[in-house]
Amino acid sequence: MTLEFAARGGPALPLHLLERDQLSDWLEGQTETARAWVTACGFAAGIGDVALIPGPDGAAAMALAGLGDAKERARGRFALAAAAAKLPEATYRIETGPTGAALEQQALGWLLSQYRYTRYRRRPGIKARLQAPDGLDAARLETIAAGEALTRDLINTPASDMGPEELEAAFTALAARHGARTGVIRGDDLRQQNLPLIHAVGRASDRAPRLLDMRWGDDGPTLTLAGKGVCFDTGGLNLKSAASMKLMKKDMGGAATVMGLAHMIMALGLRLRLRVLVPAVENAVSGCAFRPQDILTSRKGLTVEINNTDAEGRLVLADALALAAEEAPDLLVSMATLTGAARVAVGPDIAPYYTDSPGVAAALDAAALRVADPVWRMPFHAPYEAMIEPGIADLDNAPGGGFAGSITAALFLRRFVGEGWRYAHFDIYGWQPKAAPARPEGGVGQGARALLEALPEVLGI
């Protein structure tokens, strides 16, 4: 699906974006007829409020969309997107409204509001079209929207059509689009090339596990993205309940998000050397499934006691991170739909992340505010290290007790990277449970736009 602005320069209806406390001043500058019309429409500039003002000939002369007040805007994002679906079919040009980053957020929200997942059923989109506001980089915003649409499409596709093979096809298509190089290690070759945890998790499925590897760029600092690609998670022999299995097509949301971010980076031509790693597996049940109490040896040589086969995402990421760390990139980022504990801690709307680098954290936090992509730093709390040390092996993949599940998962992953350098891990939800402006119910990217915005500061590009 293409999310684009209308072409500049053609005829367009003026669109005035008004906050509640701006409405009365704006009305003073309008005709008596316009003021009467706004009153008759009951337009109060609340979020989602719209009104059309006719001209002397009875045709629409301008449109109004409400942005609410500061308190209302703090309770949500993309206020203009709430109005986009209510405006009648026409091309619009923003005449009055916010400036700078605030305007950029609203324009991006309009683009994202056009998204529909239509693979299996046609869904009507919004009919209103928006010309790119003056002063904004329209191509950049369209690129960001395209990356987000890719992420959403991948997550929304059910596992019947998005298994390891199909994820590989999407991965290689993305690489080919941008002239990137790819390599794939499949099936038993994973053991041959010392990626035993990826193999162990995926071996029970008749859809072979694999590691997808993409490289792009020949100049600049190095960035490696690793995304969890569990295309469906039954929980393995620790089988999930039906309710818990319901959304497990989204368990490859980490892979989908890094692929969307990779598209943004490559399409924008950022001066860096990018590597993307996706361990693509299906956690299934069969006679060769890995078992509770098995002890597996990882690529790094660390042994892992399996205390829950449903804690498989950290296993496949562990091998991918160990491989990535061997090159010591300037920044390493992992993304995963990893723990229910993170969802309980911060809900579905916030992307919690972990890093030991104050500079990375400061850049991410500031960037997230600018681009309306909320993140929250969580601690690599060293005293909890003992919780992931079972005694019989180096590591425990699922400590008992129910405490600090997101933190212990992040600590587990850090063991395969090492401390003291720039690594960030995102424990995202990857799903919008209830429709909101610019975010329909379904798959959603989290943290990617914040990372993209932070990269120039973090990597000096």
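The values are calculated or read from the model by the stated rules, or taken from the named source; none is laboratory data. Bear in mind that the values here come from a model prediction, so they are computed numbers and not experimental data. As a convention, Cβ positions derive from the backbone with ideal geometry for all residues, glycine included, and neighbour counts pool all protein chains shown.
Among the residues making up the range 364-384, those that are part of a helix (DSSP H, G or I) and in contact with a Ser or Thr (Cβ under 9 Å, 6 or more places away or on another chain) are Leu364, Tyr384.
Against the criterion of being touching a His at 6+ places or on another chain (Cβ under 8 Å), buried (at least 18 other Cβ atoms within 10 Å of the Cβ) and either farther than 29 Å from Gly100 by Cα or assigned by TED's automatic domain parsing to the domain that holds Gly402 (or both), Val360 does not qualify.
Test Phe403 against the criterion of being assigned to a loop (DSSP other than H, G, I, E, B), among the hydrophobic types (A, V, I, L, M, F, W, C), touching a residue at least 40 places away in the same chain (Cβ under 8 Å) and more than 30 Å from Ser113 (Cβ to Cβ), and give yes or no. So Phe403 does not fit the description; no.
Criterion first (over 30 Å from Gly179 (Cβ atoms) and touching a Ser or Thr at 6+ places or on another chain (Cβ under 8 Å)) does Ala318 satisfy it? Here the answer is yes, as Ala318 does meet what is asked.
One residue alone among Gly430, Gly420 is at positive phi, modelled with pLDDT under 95 and not basic (Lys, Arg), and that residue is Gly420.
So, Ala342, is that one of a type outside the set (Val, Ile, Thr) and free of Cβ contacts under 8 Å to residues at least 24 places away in the same chain or not? No, not satisfied. If you go through the range 283-314 and keep only what is in contact with a strand residue (DSSP E or B) (Cβ under 7 Å, 6 or more places away or on another chain), surrounded by 15 or more Cβ atoms within 10 Å (Cβ to Cβ) and closer than 14 Å to Arg415 by Cα, you end up with Thr297, Ser298, Leu302, Val304.
Got a sec? Which of Leu338, Leu331 is over 30 Å from Glu104 (Cα atoms), aliphatic (A, V, I, L, M), crowded, with 22+ Cβ neighbours inside 10 Å and in contact with a strand residue (DSSP E or B) (Cβ under 9 Å, 6 or more places away or on another chain)?
Sole residue among the options that is over 30 Å from Glu104 (Cα atoms), aliphatic (A, V, I, L, M), crowded, with 22+ Cβ neighbours inside 10 Å and in contact with a strand residue (DSSP E or B) (Cβ under 9 Å, 6 or more places away or on another chain): Leu338.
Screening the candidates Arg207, Arg191 for the property of being farther than 25 Å from His263 by Cβ and of a type in the set (D, E, K, R) yields one hit, Arg191.
Which ones in the range 377-434 are crowded, with 18+ Cβ neighbours inside 10 Å and among the acidic types (Asp, Glu)? Result: Asp394, Asp396, Asp427.
Scanning the range 189-220 for residues that are farther than 22 Å from Ala159 by Cα, over 23 Å from the mean Cα position of the chain (by Cα) and not aliphatic (A, V, I, L, M) yields Asp189, Arg191, Gln192, Gln193, Asn194, Pro196, Asp218, Asp219, Gly220. Considering Ala74, Ala61, the condition of being of a type outside the set (Phe, Trp, Tyr) and over 30 Å from Thr33 (Cβ atoms) is satisfied by Ala74 alone.
Please report, ordered by residue number, the strands (runs of 3 or more DSSP E) entirely within the range 16-127 with at least 2 residues that are touching a residue at least 24 places away in the same chain (Cβ under 8 Å), among the aromatic types (Phe, Trp, Tyr) and surrounded by fewer than 19 Cβ atoms within 10 Å (Cβ to Cβ).
Working: elements: 50-54, 60-68, 91-96.
The strands (runs of 3 or more DSSP E) meeting that bar number zero.
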